[in-house]
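Colleague: Okay, here's the structure, questions in a sec.
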Amino acid sequence: MSQRFSLFRGNNSIKQKVIRLLLVFMLAFGLFASSGAGPNVPAVQAADSTNQIVVQLLPGQDILGLKTLLNTLVNNVVIKTLSLDDTYLLTLPLGALLGPILTILNLSPLVVFAEPNYKLYATEAQQAFIYYDTGSALQGGNSNPDAVQAAQDQWAWQRIDLARSQNVSEGQNVTVATLDTGVNANHPAIKDQLVPGYNALTGSTDATDDNGHGTFVAGVISQVAPDASIMPVKVLNNLGQGTVADASEGILWAANHNAHVINMSLGLYTNSILLQLSINYAQVRGDLVVASAGNSNTGSRRYPASYPGVIGVAATDSNNHKASFSNYGSNAKVSAPGVHIYSAYYTGGYAYGDGTSFAAPQVAALAAQVWATTPNSTSNTVSNQILGNAASLAASDPTYGSKLGAGLINNFKAVGGS
């Protein structure tokens, strides 16, 4: 059973009276638009929102009751059932004002919560992140040895003591789900590690990458944990954008298909009840969730990185300083290299990239390494092993070191090396 979050409690008869008064007021002043895009779109329907609402009903409530209520508010609402218990996605006609409708839904005795279907983004997509393709990864149908060697030799792996850790564990029998833009399933760097995935945007099994971000993330996981399985779950479109409903569907799909670790190199700065409940669902099923801290150089809370139990990952540079762009504070439970990272690119080549998006999958892959050494571990023990063996950055970065969580990951120590 899914967890529930109630925003409004109290006497139902009072709620119903308030709803009737609001309806009279809003109808009298024309606050419901039935068609067309009105000129005064409210803030809740701005850049980080959509014309959709997520609503969860109380257990036992019939969808007919919700439809009846909606019919008093706006015409032509499309209702889709989501995977989380008693939860629905409402698509409103363009021009419908979300604010008043959300208010009434949240006052209804039928409803646990209602919120906008917020947009979320691949971390780098918000800053027009640019990949620098280093050329073809293929030579005669095989991996380009120069490109592969460059991936193996990059500075980041020296910082986290990767080579020694891989003598202990390479993540065998552990599955890492990547909630992202999908993958290039034919890329030689990752193709042998892929297991069947899912496209939450279309409801299909085609998780093809049409952006590049997801293939890059998967390539990082492959380099750190080459024996782990990678489960691509596409929740972001070709622009690196998605919604919390897409992410929720992806999280539940991954959790229900035996992922051990869920990497989310994406996020938003608005707290979403749906997103948190979906992550709670995965955590209850035993999954470890890892998320990028964000690239806005701020301590403001970003989600899901700052949710309880989620390992939010900040990025560091080659000097063991906070990367100039990396978020910090409550967003960061630990840190990993995130500057000039070399990985697979969706065109079939390789590329360099900067971002907490590419620090997070290092931690997700480390979780696979740790889990493989102790298959009966729980997500909490794996998390504690990662955080407990990180190296403090307070000395190398006096300004931000204490705000980067437990410090820089050490893969060798985390897998039991000494």
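Colleague: Can you go through ARG285, ARG301 and tell me which one is basic (Lys, Arg), surrounded by fewer than 20 Cβ atoms within 10 Å (Cβ to Cβ) and closer than 24 Å to GLY171 by Cα?
Modeller: Sole residue among the options that is basic (Lys, Arg), surrounded by fewer than 20 Cβ atoms within 10 Å (Cβ to Cβ) and closer than 24 Å to GLY171 by Cα: ARG285.
Colleague: OK, next. Residues of segment 86-97 being surrounded by fewer than 20 Cβ atoms within 10 Å (Cβ to Cβ) and modelled with pLDDT under 95, which ones?
Modeller: Selection gives PRO93, LEU94, GLY95.
Colleague: Name every residue in segment 234-272 that is in a loop (DSSP other than H, G, I, E, B) and either farther than 18 Å from ALA293 by Cα or not small (Gly, Ala, Ser) (or both), in order of residue number.
Modeller: Across segment 234-272, the qualifying residues are VAL235, LEU236, ASN237, ASN238, LEU239, HIS257, ASN258, ALA259, HIS260, TYR269, THR270, ASN271.
Let's see how each residue does on (1) modelled with pLDDT of 95 or more; (2) more than 23 Å from ASN167 (Cβ to Cβ); (3) not small (Gly, Ala, Ser):
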residue	(1), (2), (3)
THR381	yes, no, yes
ASP397	yes, yes, yes
GLY405	yes, yes, no
ASN411	yes, no, yes
SER418	no, no, no
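Colleague: Kindly provide the set of residues from segment 258-315 that are among the charged types (D, E, K, R) and over 13 Å from the mean Cα position of the chain (by Cα), ordered by number.
Modeller: Result: ARG285, ASP287, ARG301.
Colleague: Could you tell me which numbered condition SER83 fails, if it satisfies all but one of (1) at pLDDT below 95; (2) assigned to a loop (DSSP other than H, G, I, E, B); (3) touching a Leu at 6+ places or on another chain (Cβ under 6 Å); (4) not charged (D, E, K, R)?
Modeller: Status for SER83: all satisfied but (1).
Colleague: Look through SER306, SER318, SER278, SER300 and report the one residue that is hydroxyl-bearing (Ser, Thr, Tyr), modelled with pLDDT of 95 or more and in contact with a strand residue (DSSP E or B) (Cβ under 7 Å, 6 or more places away or on another chain).
Modeller: Criteria check complete, one pass: SER306.
Colleague: May I ask you to list the residues in segment 273-297 that are more than 20 Å from ASN384 (Cβ to Cβ), part of a loop (DSSP other than H, G, I, E, B) and hydrophobic (A, V, I, L, M, F, W, C)?
Modeller: none
Colleague: Follow-up question, since we're still on this one. Considering segment 398-413 alone, what residues qualify as being surrounded by fewer than 20 Cβ atoms within 10 Å (Cβ to Cβ), in a loop (DSSP other than H, G, I, E, B) and in contact (Cβ under 8 Å) with a residue 12 or more places away in the chain?
Modeller: THR399, ALA406
Colleague: Give me the pairs, please: first residue somewhere in segment 144-163 and under 19 Å from GLY348 (Cα atoms) and of a type in the set (Gly, Ala, Ser), second residue anywhere and modelled with pLDDT under 95 and assigned to a loop (DSSP other than H, G, I, E, B), beta-carbon distance under 6 Å, and either six or more positions apart or on two chains.
Modeller: ALA147/ALA137
Colleague: Let me confirm something: among LEU64, LEU70, which residue is crowded, with 16+ Cβ neighbours inside 10 Å and in a helix (DSSP H, G or I)?
Modeller: Result of the check over LEU64, LEU70: LEU70.
Colleague: Filter segment 387-397 for residues that are touching a Lys or Arg at 6+ places or on another chain (Cβ under 7 Å) and without any contact (Cβ under 8 Å) to a residue 60 or more places away in the chain and give the result.
Modeller: Selection gives ASN389 alone.
The values are calculated or read from the model by the stated rules, or taken from the named source; none is laboratory data. Everything numeric in this text was worked out from a predicted model, so none of it was measured. All Cβ positions, even for glycine, are placed from backbone atoms using ideal geometry, and neighbour counts span all protein chains on display.
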